[in-house]
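This report concerns only the one structure given below.
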Amino acid sequence: MTNKENDYPILIVGPCAAENEEQVYNTASQLSTFLNKETFSTLFFRAGAWKPRSEPKSFEGVGEIALGWLQNVKNKFNLKICTEVALAEHVIACQKFDFDAYWIGARTTVNPFLVEEIAQTIEDKNKIILIKNPISPDLKLWIGAIERFQKAGFTNIIAVHRGFASQSECVYRNAPYWEIPVALRLNFPNLPIICDASHLAGVKNLIENVAQTALNYGFNGLMLEVHENPELALSDAQQQITPQEFKFLLNNLNFKIQNNSEAENKLLVYRNKISAIDAQIANLLAQRMNAVDEITEIKKNNNIPLLQPDQWSKVVEIYNAEKLPDEQFTQFLNRFLTLLHNSSLERQQNKINIHE
Ligand code: PEP
Ligand code: MN
């Protein structure tokens with residue numbers, strides 16, 4: 001399979017977890033009423049039987065029994081099916097059924113021993129293998145997992161970008177670091193890459209934005225979590241959407257696969273970085289404003305004068321001590337900090353006047 005073979009996108013859709021037979025059946029049944037198979041080069045129904053959860057008290061999937069429910073979906077609705085395999089024993093259980101693809105989860109991609117064991121255990125090397133990026137932003141680990149499957153004889157591999165764990169503020173559940181899948185594409189120009197916009201976004205209302213961004217980068221398709229009743233979902237309730245919401249999303253997205261140049265993708269990477277940084281700046285400024293409000297309360301209650309020149313010169317010192325890139329930037333920073341400081345004073349003044 002190559003990303004040049006056809007212009008049609010890949011779509012993997014279904015609930016986070018198979019919870020019970022009705023939920024799996026109803027979700028697939030509703031999806032099958034409007035999913036147009038001709039529009040996609042690959043179309044799979046997904047559901048996790050074993051769920052890799054952070055805490056043992058969370059719902060960890062129903063296990064092997066779900067595999068039969070997925071097989072029924074395949075037989076009834078003529079949909080191809082896939083599930084996550086994280087251990088050799090999962091593969092052995094799945095091989096009693098007719099799965100079309102398996103996905104390797106983010107917590108498995110990080111472990112070369114497991115990747116190797118799973119690759120060796122899957123008997124049919126023609127199966128489609130979806131390899132999620134590792135949890136950590138580590139391109140080499142992702143490449144390593146892909147290479148291990150290639151070495152074991154698999155040729156139908158699809159990379160899945162689901163975002164990365166990150167310490168810094170991010171509006172999404174997982175940080176996108178778009179430069180990583182863009183770099184993966186440079187390493188494997190013919191490997192299809194899709195985006196799991198549900199796990200990346202983490203909340204319903206950001207899924208469309210993530211999905212369209214991925215398609216604009218030239219991704220070959222999407223993985224999306226759809227549940228017949230997301231509010232009652234036993235895992236990832238916040239990011240699952242109903243089949244109707246999914247239908248609406250499909251209509252809104254521009255699925256045309258972009259054939260971007262390297263320069264175009266790099267530009268997109270930097271534009272997205274700037275947007276993410278702007279969102280962080282806005283968030284930090286709001287936090288700063290809250291701290292200023294706390295100070296106002298303390299000053300008001302203790303009759304402390306508003307302006308404390310010492311404090312301001314300390315701030316300026318901290319910034320001046322930093323190595324600033326050039327004179328133009330230094331001037332900008334001074335103007336910005338002065339504006340920030342004056343706005344805070346004004347805010348304090350207004351608050352005190354209102355309360356007086
Ligand atoms: C999933 O797709 O259900 C899943 C657990 O994803 P990830 O491995 O990306 O967290
Ligand atoms: Mn999930």
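Just so it is clear, none of the values below were taken in a lab; they were calculated from the coordinates. Note that the structure is predicted; figures quoted are calculated from it, not measured. FYI the Cβ positions are ideal-geometry reconstructions off the backbone, even for glycines, and counts take in every protein chain you see.
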Q: On each of the three principal axes of the Cα atoms of the chain, give max minus min coordinate, whole Å, ordered largest first.
A: 76, 42, 39
Q: Using the Karplus curve 6.51 cos²θ - 1.76 cosθ + 1.60 with θ = phi - 60°, work out ³J(HN,Hα) for each residue of segment 138-146 in order, rounded to whole Hz, and write x for Gly and Pro.
A: 10, 4, 5, 5, 5, 4, x, 5, 4
Q: Can you tell me the FRET efficiency between I304 and H341 if r is taken as the Cβ-Cβ distance and R0 is 25 Å, rounded to the nearest 0.05?
A: 0.90
Q | Pair-distance profile P(r), taking every C-alpha pair of segment 19-71, with 10 angstrom steps and integer % | A | 22, 42, 28, 8, 0
Q | Antiparallel DSSP beta bridges within the chain, as percent of all bridges there, nearest 5 | A | 5 percent
Q | Global geometry of segment 235-356, whether rounded, prolate or oblate, following the gyration tensor of its Cα atoms and the 1.5 cut on a/c | A | oblate
**Q.** Pairs beyond 32 Å (Cα-Cα), from K80/K266; K140/K314; K323/K351; K57/K132; K80/K273; K76/K125
**A.** K80/K266; K140/K314; K323/K351; K80/K273
Q. With θ set to phi - 60° and the Karplus curve 6.51 cos²θ - 1.76 cosθ + 1.60, what are the ³J(HN,Hα) couplings of segment 49-59 in order, to the nearest whole Hz, using x for Gly and Pro?
A. 8, 10, 9, x, 9, 5, 10, x, 7, 6, 5
Q) Of all DSSP beta bridges in segment 142-285, what percent run antiparallel (nearest 5)? A) 10 percent
Q) Rounded to the nearest whole Å³, what is the per residue volume of the convex hull around the Cα atoms of segment 39-147? A) 122 Å³
Q. Packing-wise, with mean Cβ within 10 Å as the measure, how do 342-350, 44-52, 94-102 rank, highest first?
A. 44-52, 94-102, 342-350
Q.
Please list, ordered by chain and number, the residues whose modelled amide H lies under 5 Å from the amide H of F164; skip anything fewer than 5 residues away on the same chain.
A. A175
